[in-house]
Ligand code: HAM
């Protein structure tokens with residue numbers, strides 16, 4: 001037994017790990033960050049902890065997360081602080097604090113945020129996890145909803161995943177004011193048949209009864225009135241427009257009128273991405289509109305929409321589909337003989353300057369050991385340099401996957417690799 005272990009529900013993300021290997025984690029984060037930047041989103045980094053009141057206010061005091069799941073503590077100055085359970089409220093707080101919305105709207109921001117929830121750990125559910133997120137702030141236009149959802153779909157597609165997209169609208173507060181009494185009336189009429197948790201939600205947060213997992217409750221809720229039948233004209237039009245836009249770019253979605261999402265700030269469009277084969281924790285991402293959140297936090301009206309994608313869960317989905325991280329190295333330089341060893345640093349530096357991900361032996365291994373190291377480092381090519389090669393300027397390039405070897409002139413090495421690898425990345 002090691003003297004200390006990572007806390008329960010907080011996995012280490014290390015190279016080669018069985019659960020969440022850092023190679024795949026890095027691949028997911030990098031794919032997301034590169035893509036979000038390509039869509040005009042800019043990086044935002046907020047502190048890992050915030051004033052507890054921010055989350056109490058934004059997530060509503062009745063929500064499950066505020067009641068049970070927050071990591072809150074009092075610091076040495078007597079302030080109540082909370083580790084970030086989700087990324088949207090801190091982003092809106094920072095936007096308002098720095099007047100970012102004054103510099104033109106919509107404001108498009110992305111983040112890679114360590115997040116913390118005191119949940120019961122299980123496969124795919126952690127107490128410390130990472131959310132890749134975007135927030136598009138300041139426009140109510142349906143095209144923003146469509147862009148955010150298309151961006152999420154493209155992100156998964158780029159990784160080789162095809163999660164199902166479930167889409168719904170929960171209307172604006174006006175629609176819910178008409179709908180909720182109908183739902184509550186229905187739930188009360190079935191009060192005796194519902195489990196305790198559901199009964200409690202009738203009073204505190206009736207919409208969330210749709211999240212109930214008890215089979216009998218689900219049967220009852222299958223008969224419940226649906227928000228989509230109580231939408232005002234403007235919310236119905238908005239939702240229609242979002243669907244048309246998504247269809248126009250070939251995004252497939254499934255309408256799910258019972259999709260309510262776990263956070264209380266949502267309005268109108270809500271969506272989740274569900275990956276097959278992950279068991280109970282199969283929601284690899286989700287988001288929606290939060291048009292009233294800024295005002296709830298004391299700011300001006302700033303409609304917004306965004307998503308949060310669970311990096312660790314996406315890694316699990318990639319593993320379930322047998323998708324591996326791209327090779328981490330382009331080239332491993334193998335040096336044979338003492339004279340060459342003296343030059344290997346120079347050769348590797350030259351390759352690095354040319355843009356190749358390169359490494360070389362730093363443990364004075366023999367040829368076999370160096371090739372093994374090249375394999376372990378997941379290099380695509382080994383460039384083998386012996387004294388003869390050094391003398392006539394012709395290196396042996398070995399494809400580590402096929403084992404095929406070819407002599408390549410030194411001044412043609414970069415072109416050769418470029419052809420084989422489609423350019424430096
Ligand atoms: P959320 O649905 O609570 O939304 O979380 C987003 C994603 O984070 C989930 O779909 C899931 O993939 C991942 N996730 C949540 N909890 C855990 C956990 N305990 N362990 C592992 N992964 C987890 C939000 O947080 C919103 N802020 C998303 C958003 C952004 N809405 C608008 N903008």
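Values quoted throughout were computed directly from the atomic coordinates according to the rules given, and no laboratory measurement underlies them. This structure is a prediction, so every number in the text was calculated from the model and none was measured. Every residue, glycine among them, receives a Cβ derived from its backbone with ideal geometry; neighbour counts consider all protein chains shown.
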- Debye equation applied to the C-alpha atoms of the stretch 88-209, log10 I(q)/I(0) at 0.10, 0.12 Å⁻¹: -0.54, -0.77
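I need the peptides 352-358, 4-10 ranked by packing, meaning the mean over residues of other C-beta atoms within 10 angstrom, with the highest value on top.
On the way: 352-358: 16.3, 4-10: 10.7.
Ranked by mean Cβ neighbours within 10 Å, highest first: 352-358, 4-10.
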- Calculated FRET value between residue 154 and residue 402, using beta carbons and R₀ = 51 Å, to 0.05: 0.95
- Distance between Cα centroids, the stretch 165-194 to the stretch 146-160: provide it in whole Å. 30
- Task: Diagonalise the Cα gyration tensor of the stretch 254-408 and give the resulting equivalent ellipsoid semi-axes, square root of 5 times each eigenvalue, largest first, whole Å.
- Result: 53, 19, 12
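Tell me, what is the FRET efficiency for residue 74 and residue 252 to the nearest 0.05, using R0 = 56 angstrom and their Cβ-Cβ distance as r?
Details: r = 48 Å, r/R0 = 0.86.
The value I calculate is 0.70.
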- Query: How far, in degrees from 0 to 90, does helix 142-159 lean away from the longest principal axis of the Cα atoms of the chain, to the nearest 10?
  - Reply: 40
- Over all alpha-carbon pairs in the stretch 71-125, figure out the percentage whose distance exceeds 19 Å. 49
- Task: Report the convex hull volume per residue for the stretch 226-304, counting only C-alpha atoms, in Å³.
- Result: 122
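Helix-only mean residue ellipticity at 222 nm, the chain, DSSP H runs n ≥ 4 weighted -39,500 (n - 2.57), per residue, nearest 500. What is it?
Theoretical 222 nm ellipticity from helices: -11000 deg cm²/dmol.
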- Cut-off 16 Å, label 7 Å out along Cα→Cβ of residue 204, residues of the stretch 99-133 by amide N: 118-120
- Query: Among 150-163, 241-254, how do they line up from the highest to the lowest mean number of other beta-carbon atoms within 10 Å?
  - Reply: 150-163, 241-254
- Over what distance in Å are the Cα centres of the stretch 320-347 and the stretch 1-65 separated? 31
- Give me the distance in nm between label points sitting 7 Å out from Cα along the Cα-to-Cβ direction at residue 188 and residue 12, one decimal. 5.6
- Message: Less than 18 Å from a label point 7 Å out along the Cα-to-Cβ axis of residue 218: which backbone N atoms in the stretch 281-308 qualify, by residue?
- Response: 281-284
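Could you give the length gained by full extension between residue 276 and residue 102, i.e. 0.36 nm per residue of separation minus their alpha carbon distance, to one decimal place?
Values: separation 174, 0.36 × 174 = 62.64 nm, distance 4.20 nm.
Extra length available between residue 276 and residue 102 comes to 58.4 nm.
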- Query: If we restrict to alpha carbons, what Rg and Dmax does the stretch 341-425 come to, in Å?
  - Reply: 12.1, 32
- Percent relative contact order for the chain, counting Cα pairs under 8 Å at least six residues apart, stands at 15
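Going by average Cβ neighbours within 10 Å, how do the peptides 402-413, 364-375, 327-338, 59-70 rank, with the highest at the top? Before the final figure, lay out the partial values.
Numbers: 402-413: 12.3, 364-375: 15.1, 327-338: 20.7, 59-70: 16.7.
Taking the mean over residues of other Cβ atoms within 10 Å, the ranking is 327-338, 59-70, 364-375, 402-413.
Give, in whole angstrom and from largest to smallest, the semi-axes √(5λ) of the equivalent ellipsoid of the stretch 1-142, with λ running over the eigenvalues of the Cα gyration tensor. Present the calculation step by step, with values, prior to reporting the outcome.
Working: eigenvalues 153, 104, 33 Å².
Its equivalent ellipsoid spans semi-axes of 28, 23, 13 Å.
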- Query: So how long is each side of the stretch 163-229 along the principal axes, counting just the alpha-carbon atoms, biggest first, in Å?
  - Reply: 32, 30, 19
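Expressed in nm², what is the orientationally averaged projection area of the convex hull enclosing the Cα positions of the stretch 42-110? Don't jump to the answer; show the numbers that get you there.
Values: hull surface 20.9 nm².
Across all orientations, the stretch 42-110 yields a mean hull projection of 5.2 nm².
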- Query: Taking only Cα atoms, what is the 0 to 90° angle, nearest 10, from helix 338-353's long axis to the longest principal axis of the chain?
  - Reply: 40
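If I stretch the segment between residue 61 and residue 48 completely, what's the gain in nm (0.36 nm per residue apart, minus their alpha carbon distance), one decimal?
On the way: separation 13, 0.36 × 13 = 4.68 nm, distance 2.09 nm.
So the extension gain works out to 2.6 nm.
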- Two decimals is fine: what is log10 I(q)/I(0) at q = 0.13, 0.22, 0.23 Å⁻¹ for the stretch 200-256, from a Debye sum with one equal scatterer on every Cα and no solvent? -0.51, -0.94, -0.96
- Task: Give, to the nearest whole percent, the P(r) tail of the chain beyond 28 angstrom, counting all Cα pairs.
- Result: 58
- Item | Whole-angstrom gap from the stretch 276-305 to the stretch 82-145, using each part's C-alpha centre | 8
